[in-house]
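The values are calculated or read from the model by the stated rules, or taken from the named source; none is laboratory data. Computed from a prediction, not measured in an experiment: that's the story for all the values here. Using ideal geometry, Cβ is built from the backbone for each residue, glycine included, and neighbour counts are taken over all protein chains shown. We work out accessible area using only protein heavy atoms, side chains counted, and drop any ligands, DNA or RNA first. Shrake-Rupley method; radii C 1.70, N 1.55, O 1.52, S 1.80 Å.
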Amino acid sequence: MTISDAVREELAHTVANHPVVLFMKGKRRLPQCGFSAQVVKILDEFLDDYQTVNVLENPDVREGIKAFSAWPTIPQLYIDGKFVGGCDIVTQMYQQGELTKLLGVELPEVASPRVLATPEALNALEQAKKQEGLEGEVRISIDAQFRPSLGIDSPGPNDFVVEAGPMRFIVDRMSATRANGIRVDYVPGQAGGFRIENPNEPPKVRSMSVDELAKRREQGDQIRLLDVRTDEERKTASINGALHLDEALEAELSELPPETPLVFHCHHGQRSRAAAQRFAERGFWRAYNLEGGIDAWAQQIDTKVPRY
């Protein structure tokens, strides 16, 4: 992978003139991928202000930063002019207390979460540990999308160790608030497994097919179709009547009644789901993700829309 001298100079100037720089997809208040959103959430916990660069706005920067850092993925974090890593590394450093040292800040106060576990879940977890010959505690993680995971691990310096009956659970600091009050259960049988009920989980995004969107538009339903893609993508292809979701429009939409139907779309449906989730969390209970995005629309509804 090569990089022009001009782009290299631009990148070097950016990282040298800002204490903390995050190269990401989207903007700080409008991330356009889950990994970028995860790192933003971590940095926002410690910093009021830091520099972000939206790599989606410039293909040369998007590819150039990969060559500049010799790192193949986005996001990328720089602190004091030095490359730190991507989402996984930043998350791990956060959990181990190393990131705060680099940033020169102290960990904010976070309360230890409360975890509930049914007897069936405790028994299933003990049996699983014995069958696999594993030693350690059960780690519970809840990511930014409130997806839970269970594993066996040893506690780190910044982890919480929570007792639930005869068993101890490990919860990392990032998961602590999202995990408070969760209930772990186990349902036997082929279709069973572990079930985690989380009272903190925000309202979920609804799904809408391109067929349903087309029919509802034909019927005259007052639906706002919101395009979360980049300007470059919109120049390549667009759905008639779709509005570009920029910061100004997002602020305007936030003032609408919570029952307003909002349909978000991107290329295939991943970025738009994240955008729809933000509005669902704000109380918009009719926030939809257009499944398959504009690509599905071009294949099934309007073949005149270019595919890319």
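Can you give me the span-like helices of the chain, meaning DSSP H runs with 18 Å or more of Cα extent along the axis and Kyte-Doolittle mean at or above -0.5?
34-46
Just going by the charge dipole of region 1-130, with Lys and Arg at +1 and Asp and Glu at -1 on Cβ, which of Gly104, Ala70, Thr91 is farthest out on the positive end?
Final value for the positive-end residue is Thr91.
Between rounded, prolate and oblate, where does region 23-129 land on the alpha carbon gyration tensor, with a ≥ b ≥ c its root eigenvalues, rounded for a/c under 1.5, else prolate if a/b exceeds b/c?
prolate
Using +1 at the Cβ of each Lys and Arg and -1 at the Cβ of each Asp and Glu in the chain, identify which of Val305, Phe284, Pro113 lies farthest towards the dipole's positive end.
Farthest towards the positive pole: Val305.
Indicate the gyration tensor shape class of region 93-137 (rounded, prolate or oblate), computed on the Cα atoms with a ≥ b ≥ c the square roots of the eigenvalues: a/c under 1.5 is rounded; otherwise a/b larger than b/c is prolate and the rest oblate.
Oblate.
Let me have the relative contact order for region 141-199, percent, based on Cα pairs under 8 Å that are six or more residues apart.
Computed value for region 141-199: 26 percent relative contact order.
Would you mind checking Lys129/Lys204; Lys66/Lys304; Lys82/Lys235; Lys27/Lys204; Lys204/Lys235; Lys41/Lys130 for any pair whose Cα atoms are more than 26 angstrom apart?
The answer is Lys129/Lys204; Lys66/Lys304; Lys82/Lys235; Lys204/Lys235; Lys41/Lys130.
Would you work out what percent of the accessible area of region 1-137, with all protein chains in place, is carbon or sulfur (probe 1.4 Å)?
That share works out to 47 percent.
Counting alpha carbon pairs within less than 8 Å and at least 6 residues apart, what relative contact order, in whole percent, applies to the chain?
Rounded, it is 14 percent for the chain.
Could you tell me what percent of the DSSP beta bridges with both partners in region 1-142 are antiparallel, to the nearest 5?
The answer is about 70 percent antiparallel.
Once amide H atoms are placed 1.01 Å from N in the peptide plane, what residues at a sequence separation of 5 or more from Phe169, or on another chain, have their amide H within under 5 Å of its amide H?
Counting only residues 5 or more places away or on other chains, the set is Val162, Glu163, Ala164.
Quick one: Cα centre-to-centre distance for region 150-168 and region 70-123, in angstrom?
So the separation of the two Cα centres works out to 16 Å.
Which percent of the accessible heavy-atom area of region 205-296 goes to carbon and sulfur, probe 1.4 angstrom?
45
Assigning unit charges at the beta carbon (Lys, Arg +1; Asp, Glu -1) and nothing else, what dipole magnitude in debye, to the nearest 20, does the chain show about its Cα centre?
With Lys and Arg at +1 and Asp and Glu at -1, about 620 debye.
Taking the Cα centre of region 259-308 as origin, sum charge times position over the Cβ atoms of Lys and Arg (+1) and Asp and Glu (-1), and report the length of that vector in debye to the nearest 20.
120
Which GluC sites (Glu not before Pro) in region 73-136 pass both tests, a DSSP loop state and at most 15 other beta-carbon atoms within 10 Å?
Sparse-neighbourhood loop GluC sites (Glu not before Pro): Glu106, Glu109, Glu135.
Round to a whole angstrom and tell me the spacing of the C-alpha centers of region 209-270 and region 288-305.
If you average the Cα positions of each part, the centres end up 12 Å apart.
Would you mind getting the accessible area per residue of the chain, heavy atoms of the protein chains only, 1.4 Å probe, in Å²?
Ligands and nucleic acids excluded, the result is 53 Å² per residue.
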